[in-house]
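Please read the structure below before turning to the comments.
The values are calculated or read from the model by the stated rules, or taken from the named source; none is laboratory data. No experiment lies behind these values; they were computed from the predicted model shown. Quick reminder, even Gly has a Cβ in these numbers, built from the backbone with ideal geometry, and neighbours come from all protein chains shown.
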Amino acid sequence: MTDFKRFFTYFFVFSFFLSSVNAKESCQPDLNLPTYSDEVTETTSEKDPVFVYFDGSLSMQGYTKDQPGQKNLYRDVIDDLQQISENVGNKTFYHKFGSKVEPIKENEIAKATKPGFYICSDSQAKCNNQETRLELPFKAAKANKDATYVIVTDLFLSSKQLVGSTLSSLTKPLKSILKDGKSIGIVGVMSSFNGNIYDIPKKDGGTFKYSEAKKRPFYIIIIGDQKNINQIKKNLEEQHFIDAEDQYKFALITSSPVLQNLNKNKVITEDNIARISNSENFKFEYTDNNLPVYKLDTNNKKKIKFKISMKEIIVPGSAGIGEYSLKENLWSSKKTKCKEIDDWRKTKYKDISALETDENDLKINMFKGVPLKSLFRGMRHFYTVSIYANKPGNLSEEKFNEWSIRDSDAEDFTDQSPVEFKTLNLTKIIKILSSVANDTFEPTLIANIALNINLLKK
């Protein structure tokens, strides 16, 4: 073969290949879709340290004493907390906190289940059991973002502790924690109680104590990555929340309630649009950039409804997503055969589809706003939709409503001699935590989807 013939042959093969590639690419316009992040939010397999903080305030003492006829989950949980912590960390450090933080030796952890752990023999002014300064372990968690922090507390905070500079001392470290990609898990556990509940606010501005409660919730606050939070929650459920009468609640406070990007993990399939595979010349495929494309021939009466389970979108236990949005584009071509298309024209249509959600599913009624019958028939249309999470939800607050009581209602509530005592300002505390998460939330791309439609003349 001469050099000329060899060159001609190579040129012909290359041209044919190039034309084939271009023909394939011509079946979609030049897209400028938003991209998902490739950042890995999960921690590595290497374990980091765990820091455990026990609320040492005097109101905690009642959890350690037996109450006839009631199950003491507090002592059971504390007894196992050492093993649970070791399951998620390479080293565990223990502390007691009130007005200040004090380290605890590993062999002294069992004392947290005894009444003496919460007693101070010094003068009241010097004692560490007179208040709960929750901001102290929060500040520690901010300083070591790779570690997991476990805080055991009654979460009993007055309104005075939730305003002004005191509130700021709580929210500032939490904001940094959430911005670093960490989350806050709250496990609420109803347990027996036999002791005094201090610092209950009176209407006239003073405080009083109550000693008739037989049950009262305590809380385990977990600060760390979602993987470790869920592991601790799972361990607690498997070991302690077995009986039907066991009462516990869980909420996950996070600035990242979106579980995954559906394109990145190729979660979307042809089944997410019911019966569409019955269409003429139907084809479903992912492009090189993980864009799922539904290609089909159809008439202008076809109803196209996309549906995907919320289980694929929302992080379990989180406040969920409060608001979604769609970003849409539509192109048209007078030519219907992919290999012939060279005239894609971007239309000016807006609000092409309608999005709706319920507890179980996210649904998109495609072409509801701009029906297929309003588009030119005998043409090919290429439609893209990007689904965004715009705002987080507030389900976490609702979960704890029945265990919460406001300052203004505390005295009247106590006058009823309740056996099961509620947590002061619990809903307000959860709302504050959720608000911090909302402040650090950024709109998140959930998925890009495309439809390549040959709109038939008849």
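Scanning the stretch 132-150 for any residue that is modelled with pLDDT of 95 or more and touching a Leu at 6+ places or on another chain (Cβ under 9 Å) turns up at least one such residue. Restricting attention to the stretch 307-343 and to residues that are of a type in the set (Gly, Ala, Ser) and surrounded by fewer than 18 Cβ atoms within 10 Å (Cβ to Cβ), the residue that is nearest to Asn394 (Cα to Cα) turns out to be Gly322. All conditions in (1) surrounded by 20 or more Cβ atoms within 10 Å (Cβ to Cβ); (2) assigned to a loop (DSSP other than H, G, I, E, B) hold for Lys302, with the sole exception of (1). Taking strands (runs of 3 or more DSSP E) as the structural unit, those lying wholly within the stretch 195-292 and holding at least 1 residues that are loosely packed, with under 14 Cβ neighbours inside 10 Å correspond to 207-210, 280-286. None of Gly56, Gly62, Gly98 is modelled with pLDDT under 90, under 22 Å from Val187 (Cα atoms) and touching a Gly at 6+ places or on another chain (Cβ under 7 Å) except Gly98.
Does the stretch 433-452 hold any residues that are crowded, with 21+ Cβ neighbours inside 10 Å, among the β-branched types (Val, Ile, Thr) and either under 19 Å from Asn263 (Cα atoms) or in contact with a Gly (Cβ under 9 Å, 6 or more places away or on another chain) (or both), and which are they? Passing the criteria: Ile446, Ile449. Of the residues Lys209, Lys266, Lys283, Lys202, the single one that is among the basic types (Lys, Arg) and closer than 24 Å to Phe54 by Cα is Lys209. Among the residues that make up the stretch 167-183, is at least one of them assigned to a strand (DSSP E or B) and either in contact with a helix residue (DSSP H, G or I) (Cβ under 7 Å, 6 or more places away or on another chain) or surrounded by fewer than 21 Cβ atoms within 10 Å (Cβ to Cβ) (or both)? Scanning the stretch 167-183, I find at least one residue that is assigned to a strand (DSSP E or B) and either in contact with a helix residue (DSSP H, G or I) (Cβ under 7 Å, 6 or more places away or on another chain) or surrounded by fewer than 21 Cβ atoms within 10 Å (Cβ to Cβ) (or both), so the answer is yes.
When the stretch 35-53 is filtered for residues that are at pLDDT 70 or above, over 18 Å from the mean Cα position of the chain (by Cα) and of a type outside the set (A, V, I, L, M, F, W, C), the ones remaining, listed by number, are Thr35, Lys47, Asp48, Pro49, Tyr53.
Restricting the stretch 264-292 to residues that are among the hydrophobic types (A, V, I, L, M, F, W, C) and closer than 21 Å to Phe367 by Cβ leaves a set whose member that is farthest from the chain's Cα centre (by Cα) is Phe282. Within this structure, Lys373 fails the test of being surrounded by fewer than 18 Cβ atoms within 10 Å (Cβ to Cβ), at pLDDT 90 or above and in contact with a helix residue (DSSP H, G or I) (Cβ under 7 Å, 6 or more places away or on another chain). If you go through the stretch 239-263 and pick out every residue that is within 22 Å of the chain's Cα centre (by Cα) and of a type outside the set (S, T, N, Q), you end up with 10. Summed over the stretch 394-441, the residues that are within 19 Å of the chain's Cα centre (by Cα) and more than 15 Å from Leu155 (Cα to Cα) give a count of 13.
For every residue, the table says whether it meets (1) in contact with a His (Cβ under 9 Å, 6 or more places away or on another chain); (2) crowded, with 16+ Cβ neighbours inside 10 Å; (3) not basic (Lys, Arg).
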{"site": "Gly62", "(1), (2), (3)": "no, yes, yes"}
{"site": "Arg75", "(1), (2), (3)": "no, yes, no"}
{"site": "Ile78", "(1), (2), (3)": "no, yes, yes"}
{"site": "Gln83", "(1), (2), (3)": "no, no, yes"}
{"site": "Glu108", "(1), (2), (3)": "no, no, yes"}
{"site": "Lys111", "(1), (2), (3)": "no, yes, no"}
